[in-house]
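A.B. asks: Submitted below is the structure of interest, expressed as structure tokens.
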Amino acid sequence: MTFEEIGEWRKTHYTNEITPKLVDREVILGGWVRNFRDLGGMRFIILQDKMGERQITLKKGEVSDNLFEKSRTGYQYCIMVKGRVKAFKAAPGGVEIIPSEIKILNQTPEKLPIDMSGETISELDLRLNHRALDLRSKRNEAIFKIRAQLLKGIRNFLFERDFTEITTPKIIGSATEGGTELFPIMYFDKEAFLTQSAQLYKEQLSGVYERVFEISPCFRAEKSRTKRHICEIFVLDVEIAFSDMHDVLKLLEELVYYIINDIREKQMPALKFLNMEKKTILPEIPLERYKYDEIIELLKSKFNIDMEWGEDISTEAYRKLGEELPYYYYITHWPMSIKPFYIMPSKDGRYSESFDLQMGMLELTSGGTRVHDKQMLIDAIESKGLNPKSFESHLNAFDYGMPPHAGFGLGVARWITFLCGLDDIREAVMYPRTPDRLIP
Ligand code: AMO
């Protein structure tokens, strides 16, 4: 088989644009063979592209023998088709294309490494090994349409509210927050790190642009092999000057509402494909707010789980919470002892002006009011056993009129996992990074 060149051919439309309005028009489509059916005198190719699919119909005698022969294509062949649009109610989009020419641009082996027929879902690791192919499945089309809508919706929502999109360095000279393990890298002849969070930069920039956000990768060197953890995460970071945690709680619940509404309005077919149209529904806002102490009491009274005050909530306890509160809710006022140095203590210094946004058992977001007083920040850094010297350049920003500010960080893949009803966070990322996966 020789592979054909595209030559002068250019796509005139995406598949979704081929509607009954175009009947009798000649069009050129390009994409991949999702399915090929041979009924003897009739052959059907389902051609997919990034926007959807359409049926190419060949009837023996109606198309040339040559073309009829050439149409014998395998799963995921890359082809272009020139043909006329014909109305046909039973086909996708209510149309079919009667081809006059087909170009086979690339072939595939007879047996693909994963199921692309849509009849079964191959095992996730196998799919991830062949991700560029796997991403062409209908399931992934739905997941990543929802993800794209979510990212677009976040930007629209925040731009409408006067936020400035910032970009901050991902290569850093010293630890951002302490706590989480960092990935060291070589920066010429010096050691540097991949950033774990945009935290310090977004705080500094809230002192310039007042309302800022960034959607960017952060790197977590945790060897957590769970269905909720990955090593390269994509985080929506938001920071707002002249505000405190309560303003942020309000903004975040409005964002959650806006995004779910937007996805339901614009991506209902994708939600339906994933069987999520009755599960990914609008939350009632304001969301319920529980204090850390109330959660501890609830765990004790309902599930007889004894937690030491000041402990983080265990996975098992979160699981129970997810049964009791299977929706979006906030947990606020965490013990200061388990919060990072930049979080503002409450009036009762054992607590902090901090919160998590939960979806059932899953933590989607953490955030809070920040310390904006330099000396207080230095003391907090020391009290966490860190050295203020490593934060010198950050601390400098606090000499020049740093406003009170508050913000949050939201894990995009965690949210997609929930919105799409996925079992494993790796499905929500095009090329996930985990302790065991660096390729592809
Ligand atoms: P935190 O460390 O809680 O907060 O991260 C923010 C959100 O990112 C997601 N997340 C993860 N998702 C998948 N795999 C992981 N390993 C992982 N780690 C975190 C979670 C989490 O809620 N600087 C603060 C935010 C702030 O205060 O503004 C921070 O990074 O959804």
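A.B. asks: Quick check: residue separation of Tyr14 and Leu39 times 0.36 nm, minus the Cα distance between them. What number comes out in nm? Could the numbers behind the result be given before it?
C.D. replies: Working: separation 25, 0.36 × 25 = 9.00 nm, distance 2.68 nm.
Fully extending the segment from Tyr14 to Leu39 adds 6.3 nm.
A.B. asks: Follow-up question, since we're still on this one. How much length is gained on full extension from Leu126 to Lys374, taking 0.36 nm per residue of separation minus their Cα-Cα distance?
C.D. replies: Values: separation 248, 0.36 × 248 = 89.28 nm, distance 5.10 nm.
Between Leu126 and Lys374, full extension yields 84.2 nm more.
A.B. asks: While we're looking at this one, here's another question. For Glu382 and Arg84, what is the calculated FRET efficiency with R₀ set at 51 Å and r taken between the beta-carbons, to the nearest 0.05? Mind showing how you got there, number by number?
C.D. replies: Values: r = 76 Å, r/R0 = 1.48.
About 0.10, to the nearest 0.05.
A.B. asks: Summing +1 for each Lys or Arg and -1 for each Asp or Glu, what net charge is found among the other residues whose Cβ lies under 15 Å from the Cβ of His130? Write down the numbers at each step before the final one.
C.D. replies: On the way: positive: Lys111, Arg127, Arg131, Arg136, Arg139, Arg426, Arg437; negative: Asp115, Glu123, Asp125, Asp134, Glu427.
Overall, the nearby charge balance is +2.
A.B. asks: With r defined as the distance between the Cβ atoms of Ser224 and Leu151 and R0 fixed at 30 Å, what FRET efficiency is calculated, to the nearest 0.05?
C.D. replies: Values: r = 25 Å, r/R0 = 0.82.
So, using R0 = 30 Å, E works out to roughly 0.75.
A.B. asks: Going by amide H atoms built from the backbone, whose H comes under 5 Å of the H on Ile343, apart from near neighbours?
C.D. replies: Close amide H contacts, sequence-distant or interchain: Val371.
A.B. asks: Can I ask one more? For every helix of n ≥ 4 consecutive DSSP H residues, a contribution of -39,500 (n - 2.57) applies; sum these over the chain, divide by its total residues, and give [θ] at 222 nm rounded to the nearest 500 deg cm²/dmol. Display every interim value, and only then the final one.
C.D. replies: Working: 12 runs with 123 residues, N = 440.
That comes out to -8500 deg cm²/dmol.
A.B. asks: Along the Cα→Cβ direction, 7 angstrom out, place labels at Leu438 and Met186. What is the inter-label distance in nm?
C.D. replies: Computed distance between label sites Leu438 and Met186 equals 1.4 nm.
A.B. asks: If I stretch the segment between Lys138 and Lys347 completely, what's the gain in nm (0.36 nm per residue apart, minus their alpha carbon distance), one decimal?
C.D. replies: Working: separation 209, 0.36 × 209 = 75.24 nm, distance 5.23 nm.
Working it through step by step, the gained length comes to 70.0 nm.
A.B. asks: Please list 3J(HN,Hα) in residue order for segment 330-345, calculated via the Karplus relation 6.51 cos²θ - 1.76 cosθ + 1.60 where θ = phi - 60°; whole Hz, with x for glycine and proline.
C.D. replies: 3J(HN,Hα) across segment 330-345, in whole Hz: 9, 10, 10, 6, 6, x, 4, 4, 10, 10, x, 4, 7, 7, 6, x.
A.B. asks: Also, quick follow-up: From the phi angles alone, apply the Karplus equation (6.51, -1.76, 1.60; θ = phi - 60°) to segment 210-226 and give each ³J(HN,Hα) in whole Hz, x where the residue is Gly or Pro.
C.D. replies: 6, 10, 10, 8, 8, 10, 7, x, 10, 10, 10, 8, 9, 8, 8, 9, 10
A.B. asks: Here is a further query. Could you give me the ³J(HN,Hα) list for segment 39-50, computed from phi with Karplus coefficients 6.51, -1.76, 1.60 and θ = phi - 60°, whole Hz, x at Gly and Pro?
C.D. replies: For segment 39-50, the Karplus curve yields 10, x, x, 10, 10, 10, 10, 8, 9, 10, 9, 5 Hz.
A.B. asks: Okay, next question. Label 7 Å along Cα→Cβ of Lys170; segment 396-434 residues with amide nitrogen under 16 Å?
C.D. replies: Hits in segment 396-434 for Lys170 at 16 Å: 412-413, 429-434.
A.B. asks: About the Cα centre of the chain, how large is the charge dipole given +1 on each Lys and Arg Cβ and -1 on each Asp and Glu Cβ? Please answer in debye to the nearest 20.
C.D. replies: On the way: 61 positive and 67 negative charges, 415 e Å.
Its charge dipole is roughly 2000 debye.
A.B. asks: Which one, Met430, Met245, Met42, has the greatest fluctuation when you compute a Gaussian network model over the chain with C-alpha springs under 10 angstrom?
C.D. replies: Evaluated over the chain, the most mobile residue of the options is Met42.
A.B. asks: Give the whole-number value, in cubic angstrom per residue, of the convex hull volume spanned by the C-alpha atoms of the chain.
C.D. replies: On the way: hull volume 82.1 nm³, N = 440.
Cα-based convex hull of the chain, divided per residue, equals 187 Å³.
Just so you know, all these numbers are worked out from the coordinates, no wet-lab data involved. As the structure is a computational prediction, the values presented were derived from the model and not from experiment. Heads up, the Cβs are rebuilt from the backbone with ideal geometry, glycines too, and the neighbour counts pull from every protein chain shown.
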